[in-house]
Amino acid sequence: AKSEGGNRYLFFNDSMNKQAVKRLQIENLIRHGLKEDFFTVYYQPKMDIHTGKLVGMEALVRFITPKRGIISPGTFIPVAEETGQIVEIGAIVLKKACQDVKNWIDQELFHGRVAVNLSAKQFMLPYLCEQIDDILQQTELPSYHLELEITEGTVMQSPTIAIDTMKKLRARGVHLAMDDFGTGYSSLAYLKQFPLNTLKIDKAFIDDMNTARGRNMVDTIVTIAHNLSLTVVAEGVEEKQQLLQLKQLRCEVIQGYYYSKPLSADDFTQFLRQQQPQ
Ligand code: C2E
Ligand code: CA
Ligand code: CA
Ligand code: CA
């Protein structure tokens, strides 16, 4: 029994070790990727649920290496968040998204808003507002074309500071969306105090809409959002049935594979051209 315990300990230790090695490998891969410029941005359309017309898009980072192909955000974002590399990645995404949207606006292909995800570390940067000012100035993008998506988890880390930062961003004309709503722990009392424009319902809730209980849940979230005068975006919409149900529940905007997967900037340009009235 004693040796068994010893083995268990060894096994546990070994798996912890493997995880640490994996994490270190990803950290090195990210460092290399930053040096070689392997980070790029894809865009997923957000559509008006009633007209089916494009109202905006979400910028989603892609890490594409010649050797390994696409490395999923689910793999590298948690590591980048831990190591702090997310700050540099985030700045790249922000700048690229503003540049691309400025181009689409100049070509009269688009006049809405691009939504960029902000990580917790990025959101907490003391120079966040200045960084955003700089990027908007460099890219000559008017601030009202930018929306920032911040998760519940991020703002709840220190709600008072978060409210302050959010107010500063709003004062610049930037829009704010609460991302992955329902997966964190923000109380209604706080939700009321956050100066938000939009609330994004997490895909997990949309997936649950095949049950009455799930639909009730989405109904409740939409009602709360509307009571706070927020626009509701449903993410991860894949089926026509979900679209119809969301329309009934008065959700305004949908995003998901039903309309389109995230597209490269070139493919998104094509998508925009198809959107133009002929
Ligand atoms: P998110 O912000 O919730 O983004 C939505 C994710 O759902 C994206 O995954 C998108 O590709 C995926 N998605 C959209 N519609 C559908 C659908 O109909 N079906 C399915 N199965 N999936 C759908 P992605 O691009 O892999 O990103 C995953 C997460 O990584 C994002 O979740 C976000 O939390 C994070 N992320 C992505 N880009 C950035 C970034 O530039 N900065 C930061 N800080 N985080 C990012
Ligand atoms: Ca998001
Ligand atoms: Ca989301
Ligand atoms: Ca999500």
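Figure legend. Inter-residue proximity from region 189-215: first residues small (Gly, Ala, Ser), second residues modelled with pLDDT under 95 and surrounded by fewer than 16 Cβ atoms within 10 Å (Cβ to Cβ), beta-carbon distance below 7 Å, spacing 6+ or different chains. Indicated pairs: Ala204/Thr183. Every condition in (1) closer than 30 Å to Gln276 by Cα; (2) of a type outside the set (Ser, Thr, Tyr); (3) open to solvent by 20 Å² or more (accessible area, probe 1.4 Å); (4) in contact with a Phe, Trp or Tyr (Cβ under 6 Å, 6 or more places away or on another chain) holds for Glu140 except the one numbered (4).
Considering only residues in region 172-220 that are within 16 Å of ligand 1 (Cβ to nearest atom) and aromatic (Phe, Trp, Tyr), the one that is farthest from Leu118 (Cα to Cα) turns out to be Phe205. Scanning region 75-127 for residues that are aromatic (Phe, Trp, Tyr) and buried (at least 20 other Cβ atoms within 10 Å of the Cβ) gives Phe76, Trp104, Phe110, Phe123. In region 251-278, the residues that are within 16 Å of ligand 1 (Cβ to nearest atom) reach residues that are open to solvent by 70 Å² or more (accessible area, probe 1.4 Å) with C-beta atoms within less than 6 angstrom, at least six apart or across chains, in these pairs: Gly256/Glu238; Tyr257/Glu238; Tyr258/Glu238. Can you find, within region 218-248, the residue that is surrounded by the fewest Cβ atoms within 10 Å (Cβ to Cβ) among those that are within 15 Å of ligand 4 (Cβ to nearest atom) and within 26 Å of Lys167 (Cβ to Cβ)? Selected residue: Ile221.
To keep it simple, each residue is scored yes or no on (1) modelled with pLDDT of 95 or more; (2) away from ligand 3 (no atom under 16 Å from the Cβ).
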site	(1), (2)
Ile132	yes, yes
Leu136	yes, yes
Thr139	yes, yes
Arg170	yes, yes
Thr183	no, no
Pro195	yes, yes
Leu199	yes, no
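Would you check if there is a residue in region 265-272 being out of contact with any strand residue (DSSP E or B) (no Cβ under 6 Å at 6 or more places or on another chain), within 15 Å of ligand 4 (Cβ to nearest atom) and part of a helix (DSSP H, G or I)? No; the residues of region 265-272 include none that is out of contact with any strand residue (DSSP E or B) (no Cβ under 6 Å at 6 or more places or on another chain), within 15 Å of ligand 4 (Cβ to nearest atom) and part of a helix (DSSP H, G or I).
The values are calculated or read from the model by the stated rules, or taken from the named source; none is laboratory data. Treat the numbers as computed from the prediction; the structure is a model and nothing was measured. Because the Cβ atoms are built from the backbone with ideal geometry, glycine has one as well, and the counts that use them run over all protein chains shown. Note: accessible area is taken over every heavy atom of the protein model, side chains too, but ligands, DNA and RNA are not part of it. Shrake-Rupley method; radii C 1.70, N 1.55, O 1.52, S 1.80 Å.
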